[in-house]
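Q: Sharing a structure here in structure tokens format.
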Amino acid sequence: MNTSVLREGSTTAGVPRSTGGGRGRSASGSRRRRTTRLLGRVLLYAALLALSAVILVPFVWMLVSSVKRDNDVLTVPIQWIPQEFHWDNFTRIWTRIPLLTYLGNSLFLSVTITALQVLTGSFAAYGFAKARFPGRDALFLAYVSTIAVPWQAYMVPQYIIMERLGLVNTHLSLILLQAFGAFGVFLMRQYYLTIPDEISEAARLDGLSEYGIWARIVLPLSKPALASLALLTFVNTWNDYMGPFIYLTDNDLWTVQIGLRQFVGIYDSQYAMIMTGSVLSVLPILVVFLLGQRYFVQGIATSGMK
């Protein structure tokens with residue numbers, strides 16, 4: 001009886017024999033899942049490449065237009081390859097306007113405002129993230145809510161204050177108005193929250209003051225967030241047009257964004273020169289981003305982790 005059952009291969013000690021069909025179905029399902037993941041990744045990369053191409057089109061057009069004649073810049077359809085390259089645009093622009101002075105003013109304002117915003121933003125964020133005092137969260141919410149208020153709402157009162165202080169037509173007016181920013185405080189606070197409180201408590205037990213904890217412990221651990229804040233502030237200050245346009249009237253104090261407006265005339269505009277100056281004005285931002293891109297990406301990715 002048992003011999004016939006074993007010969008038929010139906011059971012062995014009460015356990016059904018495996019026929020290998022389950023392994024085949026499992027391998028087939030695994031291959032399908034890998035194929036689906038690969039196809040999804042290919043589609044994702046294709047979508048990202050298409051989106052990147054759309055974003056880069058204006059910059060490519062600006063670069064191509066910088067070596068054209070004025071009459072060829074706004075042609076329809078766009079001439080992506082000029083019939084004649086005018087490389088001398090990059091040498092003539094230095095003699096047409098005091099571009100070096102404008103670039104120097106933009107660099108001075110961008111570096112100064114960036115340094116002050118990083119200093120004040122990181123210091124205020126430490127108080128909101130690590131210090132404990134009554135009304136801390138309510139005060140932080142009220143301060144961050146100022147981000148939602150458009151600048152045009154308080155532009156006139158700011159100008160009146162600067163005028164009465166005698167700071168109009170000086171770089172100091174722009175520096176004082178932009179040395180503090182709620183966005184920087186918010187960004188740095190979110191990053192500080194990812195730093196364990198046990199580190200600060202241990203430093204306090206060792207007798208380190210709050211200033212010492214901020215300068216010697218918290219800041220060295222916050223390089224990615226500091227780099228992110230510095231890069232964003234530098235770019236915003238460098239590209240600012242309305243602030244210098246309102247407060248600076250002396251040509252020697254103008255920034256590069258205001259200086260390029262000299263190529264816009266009453267009856268016509270020198271579009272090629274505008275594009276050439278725009279290309280030159282983008283280069284400092286590109287250099288700053290390439291130097292700090294690793295910290296910038298890391299800071300943006302981790303600022304909201306907690």
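The values are calculated or read from the model by the stated rules, or taken from the named source; none is laboratory data. Nothing here was measured: the structure is a model prediction, and the numbers come from that model. Cβ: placed from backbone, ideal geometry, glycine included. Neighbour counts: every protein chain shown. Heads up: the accessible areas ignore ligands, DNA and RNA and are worked out on the full protein's heavy atoms, side chains in. Shrake-Rupley method; radii C 1.70, N 1.55, O 1.52, S 1.80 Å.
Q: Against the condition crowded, with 16+ Cβ neighbours inside 10 Å, at pLDDT 90 or above, farther than 25 Å from residue 279 by Cβ and hydroxyl-bearing (Ser, Thr, Tyr), how does residue 126 come out, does it pass?
A: yes
Q: Of a type in the set (Phe, Trp, Tyr), open to solvent by 70 Å² or more (accessible area, probe 1.4 Å) and under 25 Å from the mean Cα position of the chain (by Cα): is that true of residue 234 in this structure?
A: Values: of a type in the set (Phe, Trp, Tyr): yes; open to solvent by 70 Å² or more (accessible area, probe 1.4 Å): no; under 25 Å from the mean Cα position of the chain (by Cα): yes.
No.
Q: Applying the selection to segment 129-142, what residues are in a helix (DSSP H, G or I) and open to solvent by less than 30 Å² (accessible area, probe 1.4 Å)?
A: Going through segment 129-142, the residues in a helix (DSSP H, G or I) turn out to be 129, 136-142.
Matches in segment 129-142: 129, 140.
Q: Determine, yes or no, whether residue 204 is of a type in the set (Lys, Arg) and open to solvent by 40 Å² or more (accessible area, probe 1.4 Å). Explain how you work it out, then say what you get.
A: Values: of a type in the set (Lys, Arg): yes; open to solvent by 40 Å² or more (accessible area, probe 1.4 Å): yes.
So residue 204 passes the test.
Residue by residue, here is whether (1) surrounded by 13 or more Cβ atoms within 10 Å (Cβ to Cβ); (2) within 21 Å of residue 117 (Cα to Cα); (3) without any contact (Cβ under 8 Å) to a residue 12 or more places away in the chain holds:
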| position | (1), (2), (3) |
| --- | --- |
| 144 | yes, yes, no |
| 148 | no, yes, yes |
| 159 | yes, yes, no |
| 177 | yes, yes, no |
| 180 | yes, yes, no |
| 192 | yes, yes, no |
| 196 | no, no, yes |
| 199 | yes, no, no |
| 209 | no, no, yes |
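Q: For residues in segment 237-260 being of a type in the set (A, V, I, L, M, F, W, C) and more than 21 Å from the chain's Cα centre (by Cα), which is farthest from residue 158 (Cα to Cα)?
A: Within segment 237-260, the match that is farthest from residue 158 (Cα to Cα) is 260.
Q: Sticking with this structure for a sec: Can you list residue pairs whose Cβ atoms sit under 7 Å apart, with the first residue in segment 80-92 being farther than 13 Å from residue 70 by Cβ and the second being among the hydroxyl-bearing types (Ser, Thr, Tyr) and surrounded by 10 or more Cβ atoms within 10 Å (Cβ to Cβ)? Count only pairs 6 or more apart in sequence or on different chains.
A: Correct list of pairs: 90/276.
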